Amino acid sequence: MKYTEAMLIIILMSSFSLIHGQESVSDSTGFLPELKQNQNDSKFRKETYFFGGDLSLNDLDGTNDFIVANIDLLDVEKVGLKFSFVGGYFTSPKTSVGIRGTYKYGRNEQILEADFLNLAFNATTYKTQVLSTGFETHIFMRNYIMLGAKSHFMAFTETSVYFIKNNNYQRATRNPGKTDESISTILAVTNGIGAGTSFGISYYNDRRFAFEFQMGTTGLEILWKDIEKDIVNQGRSTKVTFRNGLSLLNFQVGFSYYFNVR
C-alpha cells in the first residue's frame, strides 16, 4: 500500500509544480511583454487534438567482435525495434491530456566457443538466444511553454501513470548447426505500474506539423516478475525500483500532427 501511496504523492507533487510554475510565468508577464504576447498568440486552444509517433530500428551482425575470459564469440546477431504512438487533447491552450503506447521487440543470438565449456555443457560450442517483447501504456498530462516571441519551439513537461508488460525468453543449446540439443530455457514475464515525469521540446515547421524531442520517463515503478525455468515455475518476485529516464539511451525523436489549431 505504501508504494501506491508514494506514487500518488509523486503525481500530485509533479502536477502541483507544473501548474504553479505556469501560474508564476503568467504573473511575471508584466516584466516580459514578449512572453505575454506569446501567451495571447498561442497556436493551440481548447479542443485542439493531435496524433503522432516514432520508430527506431537497430541491427548488428558481426564475427569475432571480442574475446572475454578465453571465450571466442564466433557470431553475434542483434536486432531491436521500437514503435510508439501518441494521441492527445488540449483542455486549455497550455495543457493537454492523452495516451502513449510503446511496443518493443528485441532478439540477440550469440554463438560461443571455448575448451572449458566441454566440462559444463559436454560441448565446446554452444548458442544462446534471447527474445524479448514489451508494451507500455502511458496516460499523461502535458504543460507547454513557448520559447521566445512567435517561436517555432515549445517546451513541455509530462506527468504520467503507466503500465508495463514484458516477456523475456532465453534458450541455450549445444553444438549449434549440428545437434542443436537444448541445455536450458528460461521464460520471465514482468508486469508493472509506475508514475513519473519527463520533459521535451517540440519544433513546429508549420501550424500543424511538429518534430518532438523527448527524454524518457523518470519515476517509481512496482514490478511483478514470474519466472519459469525448463517448464518449472520458479515463483514470483516483487520489487520497487527507480526509473532513470535522463540517459541519452532513452532519448526519443518523433513527430505529431495537430488538428483544430488557431
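Taken as a whole, the structure places ILE145 among residues that are part of a strand (DSSP E or B), in contact with a helix residue (DSSP H, G or I) (Cβ under 9 Å, 6 or more places away or on another chain) and at pLDDT below 95. Scanning region 116-136 for residues that are surrounded by 16 or more Cβ atoms within 10 Å (Cβ to Cβ) and modelled with pLDDT under 65 yields LEU117, PHE121, ALA123. Taken together, ILE186, ILE139, ILE193 contain a single residue that is out of contact with any Leu (no Cβ under 8 Å at 6 or more places or on another chain), farther than 18 Å from THR48 by Cβ and either outside any strand (DSSP E or B) or modelled with pLDDT under 95 (or both), which is ILE186. When LYS165 is tested against the conditions (1) crowded, with 17+ Cβ neighbours inside 10 Å; (2) out of contact with any helix residue (DSSP H, G or I) (no Cβ under 9 Å at 6 or more places or on another chain); (3) part of a strand (DSSP E or B), the lone failure is (1). In region 215-229, is there at least one residue being hydroxyl-bearing (Ser, Thr, Tyr) and under 25 Å from GLY80 (Cβ atoms)? Yes; the residues of region 215-229 include at least one that is hydroxyl-bearing (Ser, Thr, Tyr) and under 25 Å from GLY80 (Cβ atoms).
Each row is one residue, and each column tells you yes or no for (1) basic (Lys, Arg); (2) in contact with a Phe, Trp or Tyr (Cβ under 6 Å, 6 or more places away or on another chain); (3) farther than 30 Å from GLN110 by Cα.
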residue	(1), (2), (3)
LYS165	yes, yes, no
TYR169	no, no, no
ASP180	no, no, no
GLY194	no, yes, yes
THR197	no, no, yes
TYR204	no, no, yes
THR218	no, no, yes
ILE231	no, no, no
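Summed over region 223-262, residues that are among the aromatic types (Phe, Trp, Tyr) and free of Cβ contacts under 8 Å to residues at least 60 places away in the same chain total 3. When restricted to residues that are touching a residue at least 40 places away in the same chain (Cβ under 8 Å) and surrounded by fewer than 16 Cβ atoms within 10 Å (Cβ to Cβ), region 182-198 contains 3.
Is it the case, given these coordinates, that SER202 is in a strand (DSSP E or B), modelled with pLDDT under 95, crowded, with 17+ Cβ neighbours inside 10 Å and not charged (D, E, K, R)? Step through it out loud before you land on a result.
Working: in a strand (DSSP E or B): yes; modelled with pLDDT under 95: yes; crowded, with 17+ Cβ neighbours inside 10 Å: yes; not charged (D, E, K, R): yes.
Spelling it out, SER202 is indeed in a strand (DSSP E or B), modelled with pLDDT under 95, crowded, with 17+ Cβ neighbours inside 10 Å and not charged (D, E, K, R).
The values are calculated or read from the model by the stated rules, or taken from the named source; none is laboratory data. As the structure is a computational prediction, the values presented were derived from the model and not from experiment. All Cβ positions, glycine included, derive from the backbone under ideal geometry; neighbour counts span all protein chains shown.
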